[in-house]
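What follows is a set of notes on a single structure, which appears directly below.
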Amino acid sequence: CMITIRKLIIFLLLPVIICVNGIPKSLHGQTSAQAEYDTINKNKIAVPFNCVLTEAINKAIPYKYKYNITLISYPSQGNLMWYYQNINGIFNQATFDYISARISAGYEPCLAQMSYSGTFPNAYSSVIPSIYYNLSSTDKQRISNNEKNAQNEANQLINSYENNFGAISEKDFDNYDTIYGKYPQGKLDYIIGIIAGSWSGHDSSRLTPLSYSQMRKSPDLNAMLPNMPAKGAPVVENLSVYLDKVSDNDALFDSLSNGLWTIRQLKNNTWHPNDTNGGMKTVNPFTGAVSAGYQVGYQVANSISNIQNDLSNTNKYIDITMHMTKTGNCEIVIVTSWNTGMIDTITYSLPDSVYVDMYPISTGMNDEIIELLYGGFTMVSTSPALWNDRTNTGWYFGYPINQAIKNGTSDVTGYKFISWPPAYDMSSLSDGGTFGYITHLLICNYEKMSITMGDFGNNYTNGTSDIAFPVVSVPQMQQTAYVIGGDFCFPQSEK
């Protein structure tokens with residue numbers, strides 16, 4: 001998991017690059033930005049302003065909010081409507097629009113990109129069907145050998161089923177595929193799937209089918225099959241005999257059945273959210289209209305009152321001042337409300353040259369001071385509704401994706417992608433990943449920016465520009481906060 005910070009006052013500060021010949025030095029050792037570029041070129045270092053600012057904010061965030069941060073490229077989604085539900089507990093559509101965005105690596109170092117509303121669940125809904133549960137060649141051979149030894153018992157089971165319920169047809173296979181999301185591997189697979197899912201009642205209850213080991217070890221298998229048809233008893237008796245014969249395959253059969261069922265549930269809960277599987281309705285913050293359909297679920301852990309109290313506490317602030325001088329130094333001073341003295345200083349020694357691109361402002365000045373003040377801040381915890389396999393509610397479960405990434409094209413048992421590489425880059429942010437989701441947002445009541453330009457000497461008087469964005473009085477559901485940063489995760493970090 002990583003945390004990003006929204007790019008600051010983008011119409012004033014597009015990427016600022018500090019280009020130097022020689023190695024920048026810090027009072028506190030080499031910065032992460034310096035280390036990154038040091039590995040690229042030992043003689044010429046290009047330190048983006050984004051990376052310099054990121055280090056400063058990392059030092060300023062309180063210990064309980066400690067994350068590694070990057071800036072979010074423009075255009076981001078603007079401010080967050082933080083009043084996330086109405087009095088009836090219906091989720092704010094504007095809040096959902098923000099937190100459901102997909103996160104990707106930015107086009108420049110120390111930057112990330114934030115996509116538009118719903119792009120992460122949309123991407124997830126296309127990734128999950130591209131994953132299947134695979135048995136390795138070795139495990140398939142092991143099953144095949146055991147099944148050869150149980151061929152007579154398998155034939156007896158098939159004959160018993162068809163004698164009581166009619167011959168199994170291709171249409172039956174097609175219906176099975178529609179219900180279970182996989183085409184049966186022959187009549188035996190079809191019969192066991194019907195008994196474990198339909199006859200057990202687990203399908204109608206949206207529960208995982210009975211496992212091979214559960215059915216084999218049950219002292220009264222009939223009691224576990226409340227939906228068994230009247231003529232089903234002899235079929236179940238033959239099933240018990242077959243399962244005893246192939247007991248060495250229990251673990252493999254169970255893992256395969258559970259893996260396929262998991263993918264099917266994740267796909268269904270994401271494609272068809274409703275009130276029984278954790279879906280949610282949303283409310284328009286401007287009109288009060290409640291959506292007719294359901295969205296996939298999202299959650300916010302903070303109470304609205306706690307968010308409101310923190311945003312109202314304007315004495316809680318982070319103050320970052322950056323002074324770039326004509327002598328080739330860039331000094332950054334950090335002051336916070338919990339330590340009103342200077343808590344840290346980062347000094348870049350740039351011995352040869354400094355090039356600062358301030359677009360659209362082109363001052364030609366030799367000295368510049370940029371001060372950023374964040375007043376009334378807090379960390380909002382948010383996440384997709386995580387899938388619960390016991391209740392089959394929620395929709396996000398990262399483990400199959402994580403395992404499919406690790407398995408790649410290897411001949412192993414487990415989740416794999418149908419085709420490799422997958423449609424999205426599943427790597428980390430630093431490696432160019434394009435499949436991240438938001439888990440935290442660092443927000444504040446207002447952000448203030450001051451720019452002072454000129455040949456300062458001992459006093460900074462030659463021109464200042466102040467811009468502030470306080471929260472004004474608006475209806476509750478429309479109240480916004482400035483987004484400083486957002487914590488996000490990529491599949492490689494899932495467990």
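For region 197-218, give me each residue that is surrounded by fewer than 14 Cβ atoms within 10 Å (Cβ to Cβ) and modelled with pLDDT of 90 or more. Give the steps one after another, and end with the answer.
In the first step, residues of region 197-218 are kept if they are surrounded by fewer than 14 Cβ atoms within 10 Å (Cβ to Cβ); the result is 204-205, 217.
Once the filter is applied, which keeps residues that are surrounded by fewer than 14 Cβ atoms within 10 Å (Cβ to Cβ) and modelled with pLDDT of 90 or more, region 197-218 yields only Lys217.
In this structure, is Lys416 charged (D, E, K, R) and at pLDDT 90 or above? Write out each step before concluding.
Values: charged (D, E, K, R): yes; at pLDDT 90 or above: yes.
Answer is yes for this residue.
Name every residue in region 394-414 that is within 19 Å of the chain's Cα centre (by Cα) and not aliphatic (A, V, I, L, M), in order of residue number. Quick ask: steps written out before the conclusion?
Here is the first cut: in region 394-414, the ones within 19 Å of the chain's Cα centre (by Cα) are 394-406.
Selection gives Gly394, Trp395, Tyr396, Phe397, Gly398, Tyr399, Pro400, Asn402, Gln403, Lys406.
With the requirement that a residue be of a type in the set (D, E, K, R) and either within 19 Å of Asp244 (Cα to Cα) or in contact with a Cys (Cβ under 8 Å, 6 or more places away or on another chain) (or both), what does region 141-181 give you? Let's see the steps before the verdict.
Taking region 141-181 as the starting set, the residues that turn out to be of a type in the set (D, E, K, R) are 142, 147-148, 153, 162, 170-172, 174, 177.
Passing the criteria: Arg142, Glu147, Lys148, Glu153.
Which condition from (1) part of a loop (DSSP other than H, G, I, E, B); (2) closer than 30 Å to Leu53 by Cα; (3) not hydrophobic (A, V, I, L, M, F, W, C) is the one that Thr391 breaks?
Thr391 satisfies every listed condition except (2).
So how many residues does region 410-426 have that are closer than 21 Å to Leu252 by Cβ and part of a loop (DSSP other than H, G, I, E, B)?
The qualifying residues number 5.
Which of the numbered conditions does Thr480 fail, given that it passes all the others? Conditions: (1) modelled with pLDDT of 90 or more; (2) touching an Asp or Glu at 6+ places or on another chain (Cβ under 6 Å); (3) of a type in the set (S, T, N, Q).
Here Thr480 clears every test but (2).
Looking at Ala94, Ala112, can you tell me which residue is crowded, with 22+ Cβ neighbours inside 10 Å and farther than 23 Å from Phe490 by Cβ?
Numbers: Ala112 fails: farther than 23 Å from Phe490 by Cβ.
Residue meeting the stated conditions: Ala94.
From the residues in region 106-141 that are out of contact with any Phe, Trp or Tyr (no Cβ under 8 Å at 6 or more places or on another chain), of a type in the set (A, V, I, L, M) and over 20 Å from Pro273 (Cβ atoms), which one is modelled with the highest pLDDT?
Step by step, filter region 106-141, then rank; the result is Leu135.
Please state which one of Lys140, Lys187, Lys148 is crowded, with 16+ Cβ neighbours inside 10 Å and charged (D, E, K, R).
Numbers: Lys140 fails: crowded, with 16+ Cβ neighbours inside 10 Å; Lys148 fails: crowded, with 16+ Cβ neighbours inside 10 Å.
Matching residue, one of Lys140, Lys187, Lys148: Lys187.
Filter region 52-87 down to the residues that are modelled with pLDDT of 75 or more and charged (D, E, K, R), then identify the one that is surrounded by the fewest Cβ atoms within 10 Å (Cβ to Cβ).
Lys59
Tell me whether region 184-193 contains one or more residues that are at negative phi and assigned to a loop (DSSP other than H, G, I, E, B).
The initial filter retains those residues of region 184-193 that are at negative phi, namely 184-185, 187-193.
Right, trim to assigned to a loop (DSSP other than H, G, I, E, B) and you get 184-185.
Yes, some residue in region 184-193 is at negative phi and assigned to a loop (DSSP other than H, G, I, E, B).
With the condition kept exactly as written, say whether any residue in region 368-383 is at pLDDT below 95, over 20 Å from the mean Cα position of the chain (by Cα) and in a loop (DSSP other than H, G, I, E, B).
no
Only one of Ile192, Ile179 is under 42 Å from the mean Cα position of the chain (by Cα) and crowded, with 20+ Cβ neighbours inside 10 Å; which?
After ruling out the rest, the residue left standing is Ile192.
The values are calculated or read from the model by the stated rules, or taken from the named source; none is laboratory data. In this text, all values refer to a predicted model and were calculated from it rather than measured experimentally. Neighbour counts are summed over all protein chains in view; Cβ atoms, including those assigned to glycine, are modelled from backbone coordinates with ideal geometry.
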